[in-house]
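The values are calculated or read from the model by the stated rules, or taken from the named source; none is laboratory data. Remember, it's a predicted structure, so these values are computed and weren't measured experimentally. All Cβ positions, even for glycine, are placed from backbone atoms using ideal geometry, and neighbour counts span all protein chains on display. Heavy atoms of the whole protein, side chains included, go into the accessibility calculation; ligands, DNA and RNA do not. Shrake-Rupley method; radii C 1.70, N 1.55, O 1.52, S 1.80 Å.
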Amino acid sequence: MRLALDNPSSPSTILAEFYRFAVLLTGQIARAEQVIADTLVRAESELAQIRSETSQRAWFATRIRERCLGDEGGAEPAPRLLREDEDEAPVEVLEIEAYLVAQRFHRLPEPGRSALALFYLDAFSNEDIAKLLKLDQDALAETLGQARTRLQELLRGSPSASS
């Protein structure tokens, strides 16, 4: 499920990655878009001070996560995850698929939800993810494993997934 991108360093690719991250954390397209917009406004004044690309990505991930987890919202139309392979399936199917994944992903408890979303973002090493979430490597590995198992249960509609 890791992202396969032609040019992983292009600004549009990076923005799309962070958009996916926000959708997975919030489960809602409008909130994700607002979080990205607000973060970009804030970046204009703060990001110039950060020199390395890794540090800039960490700054974005941290700010987006703070905004996504800071407030809760209501239901809304199905989010789209900007998939590159839209020719392979009807748009309606992709929208439903994205909606189901985002809604179930949003049910994951923290920090598992953020850990798994950052892992799938594929912009950070496991060491960087652990630092961002203030976890040690063993705790991150356990958190990722539990989040994966829980997401699989949620996607299968397991009875234990409703707890």
- Restricting attention to the range 37-94, which residues are at pLDDT 50 or above, in contact with a Ser or Thr (Cβ under 8 Å, 6 or more places away or on another chain) and under 28 Å from Arg107 (Cβ atoms)? Phe60, Arg63, Ile64, Arg65, Arg67, Cys68, Leu69
- Note on the structure: Of those in the range 104-128 that are among the hydrophobic types (A, V, I, L, M, F, W, C) and out of contact with any Leu (no Cβ under 7 Å at 6 or more places or on another chain), the residue least open to solvent (accessible area, probe 1.4 Å) is Leu121
- Go through Leu135, Leu144, Leu108, Leu154 for me and flag whichever is hydrophobic (A, V, I, L, M, F, W, C), part of a loop (DSSP other than H, G, I, E, B) and either more than 15 Å from Leu69 (Cα to Cα) or touching a Cys at 6+ places or on another chain (Cβ under 8 Å) (or both). Leu135
